[in-house]
Amino acid sequence: VCGQLVQDFAFELGLSPRLQVLDEPLSVQLLSRCLTSALEGPRSIELEALGARLKEFDWREMVRRVVNEARVNGLGPAELPASAERSAAGVLALLGSPEGQDADALDAGLQQAMEGFLAGAEAAGDQTKGTLEATRRVREGLAQLKAGRHLPWSEWLALAALKVTKASKDAVQPLHAAAALQDVHPRLHADLRRAITSVFELAAEALALYQEEKRAWGAIDFVDQEVYALQLLQVPEVREELDATLGLVLVDEFQDTSPLQ
């Protein structure tokens, strides 16, 4: 339906009525090539580092998802910065406020609490299996901190829920409290904001490359047909002509339509 509309009103859109339409396999192949090109840029190094700090942050898959969602919602590269800002604001609103928090002080507090836990567990003579596993984990994390490396945020979360036996319960409580402050940590907020922003930036870059490739081919794809059809429906003359020729429109499988459709 959209393809027919675009063909019928091609001149109103400034397009050729013989415009090549890419089939789905070719469209997917071309878009994948543009995604690969965007993902190989210098930002990928920064995102790899962010991925190491943010557990389960598969940024390559997220870029692909943003590209796909942008297209079915009729969003182009120019609209994605605003989407990135809304996304970051929505995620950060789930955390505590970092206002007034000092990142270095929070790091130092965590290190001090880790050292205190190890000393307390040793003083208690706690050799139970659970506590020995906990002390092993804390020692490994402490070694990273002393080597000047930040702990991954997943490790802060694990330390906030560290399980020990009853004999070391008092020793671990300060560590639980210090690690639980991760949600107000300014560096976590900065990491999340940068990760989200970078994903949207790469998605916008991939979309722009895809549009350039299609222009070079003199082609459009199925989503373009929907985008152009929607543009046509904003033109009063087109609406009048359709109103005079169409009496009824039926939509089958409505639950499968996209926002753009």
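Take the residues in the range 35-45 that are exposed (fewer than 14 other Cβ atoms within 10 Å of the Cβ) and not in a loop (DSSP other than H, G, I, E, B), then tell me which one is modelled with the lowest pLDDT. That would be Ile45. Inside the range 14-34, residues that are buried (at least 16 other Cβ atoms within 10 Å of the Cβ) and touching a Phe, Trp or Tyr at 6+ places or on another chain (Cβ under 8 Å) make up a count of 6. Scanning the range 205-222 for residues that are farther than 15 Å from Leu15 by Cα, surrounded by fewer than 21 Cβ atoms within 10 Å (Cβ to Cβ) and aliphatic (A, V, I, L, M) turns up Ala208, Leu209. The residue of the range 88-101 that is farthest from the chain's Cα centre (by Cα), among those that are in contact (Cβ under 8 Å) with a residue 12 or more places away in the chain and farther than 23 Å from Glu201 by Cα, is Gln101.
Is it the case that some residue within the range 208-224 is in contact with a Pro (Cβ under 9 Å, 6 or more places away or on another chain) and closer than 30 Å to Gly141 by Cβ? No. When you check Pro81 against the structure, is it under 14 Å from Glu201 (Cβ atoms) and outside any loop (DSSP other than H, G, I, E, B), yes or no? Judged against the criteria, Pro81 is a match. Residue pairs whose Cβ atoms lie under 8 Å apart, separated by 6 or more positions or on different chains, with the first residue in the range 143-157 and more than 14 Å from Leu192 (Cβ to Cβ) and free of Cβ contacts under 8 Å to residues at least 12 places away in the same chain and the second surrounded by fewer than 10 Cβ atoms within 10 Å (Cβ to Cβ) and hydrophobic (A, V, I, L, M, F, W, C), do not occur.
Go through the residues of the range 240-260 one by one and say whether even a single one is surrounded by fewer than 19 Cβ atoms within 10 Å (Cβ to Cβ), in contact with a helix residue (DSSP H, G or I) (Cβ under 6 Å, 6 or more places away or on another chain) and in a loop (DSSP other than H, G, I, E, B).
The answer is yes, given that some residue of the range 240-260 is surrounded by fewer than 19 Cβ atoms within 10 Å (Cβ to Cβ), in contact with a helix residue (DSSP H, G or I) (Cβ under 6 Å, 6 or more places away or on another chain) and in a loop (DSSP other than H, G, I, E, B).
Determine the pairs where a residue that is among the aliphatic types (A, V, I, L, M), located within the range 231-245, has a partner that is outside any helix (DSSP H, G or I) with Cβ atoms under 7 Å apart, the partner being 6 or more residues away or on another chain. Pairs found: Leu232/Phe9; Val238/Phe9. Scanning the range 141-159 for residues being of a type in the set (A, V, I, L, M) and not in a helix (DSSP H, G or I) gives a total of 2. Annotation: of all residues in the range 48-71 being more than 16 Å from Ala38 (Cβ to Cβ), among the hydrophobic types (A, V, I, L, M, F, W, C) and in a helix (DSSP H, G or I), the one that is least open to solvent (accessible area, probe 1.4 Å) is Leu50.
Yes or no, residue by residue, for (1) open to solvent by less than 30 Å² (accessible area, probe 1.4 Å); (2) touching a residue at least 60 places away in the same chain (Cβ under 8 Å); (3) assigned to a loop (DSSP other than H, G, I, E, B); (4) under 30 Å from Leu39 (Cα atoms):
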{"residue": "Ala105", "(1), (2), (3), (4)": "no, no, no, no"}
{"residue": "Gly125", "(1), (2), (3), (4)": "no, no, yes, no"}
{"residue": "Ala134", "(1), (2), (3), (4)": "yes, no, no, no"}
{"residue": "Arg139", "(1), (2), (3), (4)": "no, no, no, no"}
{"residue": "Ala171", "(1), (2), (3), (4)": "yes, no, no, no"}
{"residue": "Leu175", "(1), (2), (3), (4)": "yes, yes, no, no"}
{"residue": "Ala180", "(1), (2), (3), (4)": "no, no, no, no"}
{"residue": "Glu201", "(1), (2), (3), (4)": "no, yes, no, yes"}
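When Leu162, Leu188 are checked against the criterion of being surrounded by 13 or more Cβ atoms within 10 Å (Cβ to Cβ) and outside any helix (DSSP H, G or I), a single residue qualifies: Leu162.
The values are calculated or read from the model by the stated rules, or taken from the named source; none is laboratory data. This structure is a prediction, so every number in the text was calculated from the model and none was measured. Reconstructed Cβ throughout: ideal geometry from the backbone, glycine too, with neighbour counts over all protein chains shown. Heads up: the accessible areas ignore ligands, DNA and RNA and are worked out on the full protein's heavy atoms, side chains in. Shrake-Rupley method; radii C 1.70, N 1.55, O 1.52, S 1.80 Å.
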